[in-house]
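The values are calculated or read from the model by the stated rules, or taken from the named source; none is laboratory data. Predicted, not measured: the structure shown is a model, and the values here were computed from it. Every residue, glycine among them, receives a Cβ derived from its backbone with ideal geometry; neighbour counts consider all protein chains shown. Surface accessibility is based on the protein's heavy atoms, side chains included, excluding ligands, DNA and RNA. Shrake-Rupley method; radii C 1.70, N 1.55, O 1.52, S 1.80 Å.
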Amino acid sequence: KLPVITEKFCIKMNSPKSDDNQTEGSASGDKIRIKFIFANRDGITVEIECSLSDSVDMVKNLLIAEWPTEIDEVPPKADRIRLICMGKGILGPDQATIEQCDLPVFLTHPTPVNVS
C-alpha cells in the first residue's frame, strides 16, 4: 500500500490555493519545480521550474535543453520522451497543461517525475 500524501505537504491543482499554505519550497504562485529522474541512471537528475500553464510539450523541451550528456550526447526528440509522475501514468497529451495533468505541487521539495 502506498503512503497517502496529505494537504499539509501537497497542494492538489484543483484545490483552492491559500496564501497561508505557500512557503519557500516547490510551489510559488503558478510555478512548479520538477525533478526529473532517469530510469536506470542512478544519481542523474535534472530540475526545472515551469508554470502550471505550460504544456507537457513545453516541459519536455525544457528538459531537452538541460539534457544530461552522461545519458546521451544528443537528446531524444520530445515525442520520444515519456514523463511519469507518482503512478499517474504518462503525462499527456503533449498539448495538455501541467495543471490539467493534475501534478501534485509540493511545498517542501520538487515534484518527482520519471523519464523514460
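Considering only residues that are β-branched (V, I, T), within 18 Å of T111 (Cα to Cα) and open to solvent by less than 80 Å² (accessible area, probe 1.4 Å), look in segment 65-98 and name the one that is farthest from the chain's Cα centre (by Cα).
Within segment 65-98, the subset β-branched (V, I, T) is 69, 71, 74, 81, 84, 90, 97-98.
With the extra rule that they be within 18 Å of T111 (Cα to Cα), the set shrinks to 81, 84, 90, 97-98.
Within this subset, residues satisfying the condition of being open to solvent by less than 80 Å² (accessible area, probe 1.4 Å) are 81, 84, 97-98.
On the way: I81: 13, I84: 9, T97: 11, I98: 8 Å.
Out of the qualifying residues, it is I81.
Condition check ((1) part of a strand (DSSP E or B); (2) within 20 Å of E49 (Cβ to Cβ); (3) in contact with a helix residue (DSSP H, G or I) (Cβ under 6 Å, 6 or more places away or on another chain)) across all residues:
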position: P76; (1), (2), (3): no, no, no
position: D79; (1), (2), (3): no, no, no
position: G87; (1), (2), (3): no, no, no
position: G92; (1), (2), (3): no, no, yes
position: Q95; (1), (2), (3): no, no, no
position: L103; (1), (2), (3): no, yes, no
position: V113; (1), (2), (3): yes, yes, no
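Consider D72 carefully, then state whether it is at pLDDT below 95, in a helix (DSSP H, G or I) and not polar (S, T, N, Q).
Spelling it out, it is not the case that D72 is at pLDDT below 95, in a helix (DSSP H, G or I) and not polar (S, T, N, Q).
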